[in-house]
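A.B. asks: Would you mind keeping the following structure in view while I ask a few things?
The values are calculated or read from the model by the stated rules, or taken from the named source; none is laboratory data. For clarity, every value in this text was computed on a predicted model and none was experimentally measured. Neighbour counts are summed over all protein chains in view; Cβ atoms, including those assigned to glycine, are modelled from backbone coordinates with ideal geometry.
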Amino acid sequence: MKKNLVQKFLVRSLDFKSGKALFFLFILLIAPAAFAQGGNGLAPVPGELEQAERRSSRKFFIGGFTANGLSWFGSGFHFSSKLAASLQWQEQRVIQRFDLDVNGVQSDLSGVFTLTNSEKIQRQLSLQLEWFPFSGPYYFAAGGGLETYSEKQRKTETYVPSGNYRDYAWNISQQKLFVSAGAGFRYIFTSGFFIHVGGNILLYPERTTHEQRGAYGTNTDWDYRQLQKDWQEPEKEARSHQNPYGAQLQVLFGIAI
């Protein structure tokens, strides 16, 4: 099954691997704060100047959001109009069941049929301190947390019409601590309902990944070049999760009391 456009956009938001994407995210989030109360002559957003008072009177907040395999949960406490702390949880889940890929198929239906079952789960738990330098909803944040990642995959390749096949499975797992810095906004309405959108740049001091391989079966003579390629597949996937930096997106809708 192919991901739809919304899921592709959100997954990409959580899986930045280029410096340009990280830079774009950071600029996107801090730009409104840079213009806030800067004497630029622009009229403030309705309710913007009352945000400091609302943070002072509504100390506790809690919210979440989920869409297309992505889930967020967050809660926290406003110590004052300028300072807050929040606990953020995020999960990204991508599951493929009986995903069929067909290569080199001829009119007589001969070719290679690849059946894949896979599961990818990424979770992040972080604690961040938020500083609101303006009376508006914009903040800067710093914190740290733990990210876990697991991936399981099984492939069955069948050659038609010969009936030859290869079947193999593997999984990888990873736990890594991170420190974070970022920016965003949390806008509180008069009713107490709030919208929170933020983004952090993450730095991973340690990025060890563990690979485990399952049974490898075939009904043909061993092709050692192909076996080596299949054997290295989990290592190749693991290397893509060993970057020293990453990014985190936060999207919450909730209530402040």
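A.B. asks: Could you tell me whether region 214-235 includes any residue that is closer than 30 Å to residue 82 by Cα, modelled with pLDDT of 85 or more and in contact with a strand residue (DSSP E or B) (Cβ under 8 Å, 6 or more places away or on another chain)? Working first, answer last.
C.D. replies: First, pick out the residues of region 214-235 that are closer than 30 Å to residue 82 by Cα: none.
There is no residue in region 214-235 that is closer than 30 Å to residue 82 by Cα, modelled with pLDDT of 85 or more and in contact with a strand residue (DSSP E or B) (Cβ under 8 Å, 6 or more places away or on another chain).
A.B. asks: Which residue pairs have Cβ atoms closer than 9 Å, lie 6 or more positions apart in sequence or on different chains, and pair a first residue in region 240-255 that is within 17 Å of residue 185 (Cα to Cα) with a second residue that is of a type in the set (Lys, Arg) and assigned to a strand (DSSP E or B)?
C.D. replies: 252/186
A.B. asks: So residue 163 ticks every box in (1) out of contact with any Gly (no Cβ under 7 Å at 6 or more places or on another chain); (2) on the phi < 0 side of the Ramachandran plot; (3) in contact (Cβ under 8 Å) with a residue 12 or more places away in the chain but one. Which box is left unticked?
C.D. replies: So the condition that residue 163 fails would be (2).
A.B. asks: Would you tally the residues in region 212-244 being surrounded by fewer than 14 Cβ atoms within 10 Å (Cβ to Cβ), acidic (Asp, Glu) and over 25 Å from the mean Cα position of the chain (by Cα)?
C.D. replies: Qualifying residue count for the region: 2.
A.B. asks: Also, quick follow-up: Restricted to region 126-150, and to residues that are under 18 Å from residue 194 (Cβ atoms) and of a type in the set (S, T, N, Q), which residue is modelled with the lowest pLDDT?
C.D. replies: Among those that are under 18 Å from residue 194 (Cβ atoms) and of a type in the set (S, T, N, Q), it is 135.
A.B. asks: Suppose we keep only residues that are out of contact with any Lys or Arg (no Cβ under 8 Å at 6 or more places or on another chain) and of a type in the set (Ser, Thr, Tyr) within region 72-100. Which one would you say is farthest from residue 138 (Cα to Cα)?
C.D. replies: For region 72-100, the residue satisfying everything is 75.
A.B. asks: Let me ask something additional. If you check 198, 254, which single one turns out to be of a type in the set (Gly, Ala, Ser), surrounded by 14 or more Cβ atoms within 10 Å (Cβ to Cβ) and either modelled with pLDDT of 95 or more or outside any strand (DSSP E or B) (or both)?
C.D. replies: Working: 198 fails: either modelled with pLDDT of 95 or more or outside any strand (DSSP E or B) (or both).
When all the criteria are applied, what remains is 254.
Results for (1) touching a residue at least 24 places away in the same chain (Cβ under 8 Å); (2) of a type in the set (Gly, Ala, Ser), shown as yes or no for each residue.
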| site | (1), (2) |
| --- | --- |
| 167 | yes, no |
| 174 | yes, no |
| 178 | yes, no |
| 189 | yes, no |
| 201 | yes, no |
| 212 | yes, no |
| 217 | yes, yes |
| 223 | no, no |
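A.B. asks: Can you tell me which of (1) surrounded by fewer than 15 Cβ atoms within 10 Å (Cβ to Cβ); (2) out of contact with any Pro (no Cβ under 7 Å at 6 or more places or on another chain); (3) in contact (Cβ under 8 Å) with a residue 40 or more places away in the chain is the one residue 81 doesn't meet?
C.D. replies: (1)
A.B. asks: What number goes with the only condition from (1) modelled with pLDDT of 90 or more; (2) farther than 30 Å from residue 62 by Cα; (3) not aliphatic (A, V, I, L, M) that residue 111 does not pass?
C.D. replies: (1)
A.B. asks: Test of understanding: among 168, 159, 149, which residue is in contact with a helix residue (DSSP H, G or I) (Cβ under 8 Å, 6 or more places away or on another chain) and of a type outside the set (Lys, Arg)? Break it down into steps so the answer makes sense when it comes.
C.D. replies: Details: 159 fails: in contact with a helix residue (DSSP H, G or I) (Cβ under 8 Å, 6 or more places away or on another chain); 149 fails: in contact with a helix residue (DSSP H, G or I) (Cβ under 8 Å, 6 or more places away or on another chain).
Only one candidate qualifies: 168.
A.B. asks: Which condition from (1) at pLDDT below 55; (2) part of a helix (DSSP H, G or I); (3) in contact with a Phe, Trp or Tyr (Cβ under 8 Å, 6 or more places away or on another chain) is the one that residue 52 breaks?
C.D. replies: The failed condition is (1).
A.B. asks: Now, a different point. Which residues, taken from region 201-211, are under 19 Å from the mean Cα position of the chain (by Cα) and either buried (at least 16 other Cβ atoms within 10 Å of the Cβ) or part of a strand (DSSP E or B) (or both)? Walk me through how you get there before you give the answer.
C.D. replies: To start, the set of residues in region 201-211 that are under 19 Å from the mean Cα position of the chain (by Cα) comprises 201-209.
Hits for region 201-211 are 201, 202, 203, 204, 207, 209.
A.B. asks: A further question follows. For residue 37, are the conditions met, namely being modelled with pLDDT under 90, surrounded by 14 or more Cβ atoms within 10 Å (Cβ to Cβ) and more than 28 Å from the chain's Cα centre (by Cα)?
C.D. replies: Yes; evaluated as a whole, the condition is true for this residue.
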